[in-house]
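Chemist: The structure follows.
Where a number appears in this text, it was derived from the coordinates with a stated rule and is not lab data. Since the model is a prediction, treat every value here as computed from it, not as a measurement. Don't worry about glycine lacking a Cβ; one is built from the backbone with ideal geometry, like all the others, and counts go over all protein chains shown.
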There are 2 protein chains.
Amino acid sequence: MKTLSRFNLHVALIHYPVIDKKGDTVASAVTNLDLHDIARAARTYGIRSFHVITPLEDQRGLAAKIVGHWTGGAGGDHNPKRREALELVKITASLDETRALIAGENGEPPAVVATCARRYPDAYGFDQLAERLETGSPHLIIFGTAWGLHPDLIEASEIILEPIGDHQGYNHLSVRCAAAIVMDRLLMSRS
Amino acid sequence: MKTLSRFNLHVALIHYPVIDKKGDTVASAVTNLDLHDIARAARTYGIRSFHVITPLEDQRGLAAKIVGHWTGGAGGDHNPKRREALELVKITASLDETRALIAGENGEPPAVVATCARRYPDAYGFDQLAERLETGSPHLIIFGTAWGLHPDLIEASEIILEPIGDHQGYNHLSVRCAAAIVMDRLLMSRS
């Protein structure tokens, strides 16, 4: 039943290392709605897997409880569509663990694509990334919670994606909305 | 400072009449994150105003309290970017009140554009709607909470927008993500 995009595309929501308002490194808390919203968008666009990444064990437990309610428990019977979405979620302790998991399923590790509201000089455009996805090799787009991904994580990524917009100089979307827009731009009429 | 899209575009989040899972008419509860996420997207894309519509007085009070915290209170000092977004919010009791408000500011009422996850035979495409927006006349896009806008409301609208996707047959985005994607498709590289 489950139909996937022909792109071998994965997404991840990073809770550490991210930055706070002052630019300090923090571990953010797992949020119920982030999981639901991004899982629903991922399912809508035929994304292969959605990784929720946090090094904090209790936060992984919380994420597992949320997901379990909808995939195994009463929530899934009540709302099978929500189950279909949350079945895409994998919970890991680190980006390395996520990369290893995707590598194990694909025979090669994914190229990591960082997202950021600031423009990096060598950033990929959306069309340019879509072209690379046409090769069928696995790619993992990472989104940061709080005030965004830590710069070290961005600069260590194979690819940096251009920001969604410098629209009117204001660029402060929620990570939920940003993730949905990125998937839409890459996969709308291309999947 | 505030820069707007050249489109005279407004958005509204409707809490009544919407339908529940069984298709029954309900009034849904105002949600903090809906207000924040849609206001932030509206500000990002240069939308003129964002109307939160509910006939329930206590729910309007709750919405006013959330907005007031960020526009007038401590929240605004703490996070001026959030204030800029939430300043777009207007709280009304009905779609008629919202239309009258926009008419008062523009000399003509807005054409109402309904959104729906199902495809109506005479639905507008995104490009087609963008062409109409080029005229500069006011338009109001309405989004439904819960399981979506009541069919009567959709059918009474001047325009019905095509669904975001029949991607892989799954089309269950959150209203927050759907609203962000609609704004992106209409205003990205057009504003």
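Chemist: Let me have the 222 nm mean residue ellipticity of chain B computed from DSSP H runs of 4+ only, each contributing -39500 (n - 2.57), with the sum over all residues rounded to the nearest 500. If you can, show how the numbers build up before the last one.
Modeler: Working: 8 runs with 78 residues, N = 191.
Rounded to the nearest 500, it is -12000 deg cm²/dmol.
Chemist: Over 22 Å between Cα atoms, which of A:65/B:81; B:22/B:90; B:65/B:90 qualify?
Modeler: A:65/B:81; B:22/B:90
Chemist: When B:43, B:132 are ordered from fewest to most other Cβ atoms inside 10 Å of their Cβ, what list results?
Modeler: Fewest-to-most ranking of B:43, B:132: B:132, B:43.
Chemist: At residue A:68, with labels set 7 Å past Cα in the Cβ direction, how many nm apart are the copies from this one, shortest first?
Modeler: Values, ascending and in nm: 4.2.
Chemist: Further question: Where the eigenvalues come from the Cα gyration tensor of the protein assembly as shown, what are the semi-axes √(5λ) of the equivalent ellipsoid, largest first, in whole Å?
Modeler: Each semi-axis is the square root of five times an eigenvalue, giving 33, 23, 22 Å.
Chemist: Still on this structure, please answer the following. If I model a spin label at residue A:22 and residue B:106 as a point 7 Å from the Cα along the Cα→Cβ vector, what separation in nanometres do I get?
Modeler: Taking the two extended label points, one gets 4.4 nm.
Chemist: Then there's this: Taking residue B:80 in one copy and the same position in all the others, each labelled 7 Å out along Cα→Cβ, what are the pairwise distances from the first, in nm, shortest first?
Modeler: Computed spacing set for this position: 5.3 nm.
Chemist: Right, something else. As a footprinting exposure proxy, order A:5, B:94, A:28 by other Cβ within 10 Å, with the fewest listed first.
Modeler: Values: A:5 19, B:94 13, A:28 22.
Listing A:5, B:94, A:28 from fewest to most nearby Cβ atoms yields B:94, A:5, A:28.
Chemist: Alpha carbon centre of the stretch B:54-73 versus the stretch B:1-40: separation in Å?
Modeler: Here the answer is 14 Å between Cα centres.
Chemist: State, to one decimal in nm, how far the label point of residue B:118 lies from the label point of residue A:58, with both points 7 Å from Cα in the Cβ direction.
Modeler: It works out to 4.6 nm between the two label points.
Chemist: Now, a different point. Could you pull out every one of the aspartates and glutamates with an alpha carbon less than 16 Å from that of residue B:21, ignoring same-chain neighbours closer than 8 positions?
Modeler: Cα-Cα hits under 16 Å: A:77.
Chemist: Arrange the following residues from fewest to most other Cβ atoms within 10 Å of their Cβ: B:184, A:122, B:24.
Modeler: Working: B:184 26, A:122 6, B:24 10.
Arranged by neighbour count, lowest to highest, B:184, A:122, B:24 become A:122, B:24, B:184.
Chemist: If you put a point 7 Å past Cα along the Cβ direction, how far is that point for residue B:130 from the same point in each other copy, in nm, smallest first?
Modeler: Once sorted, the set of distances for residue B:130 reads 1.2 nm.
Chemist: How high is the relative contact order of chain B, in percent, with contacts defined as C-alpha pairs under 8 Å that are six or more residues apart?
Modeler: In percent, rounded to a whole number, it is 30.
Chemist: May I pose another question? If you take the beta carbon distance between residue B:96 and residue B:6 as r and set R0 to 35 Å, what does 1/(1 + (r/R0)^6) give as a FRET efficiency, to the nearest 0.05?
Modeler: 0.80
Chemist: Please report the orientation-averaged projected area of chain A, defined via the convex hull of its C-alpha atoms, in nm².
Modeler: So the mean shadow area of the Cα hull is 10.9 nm².
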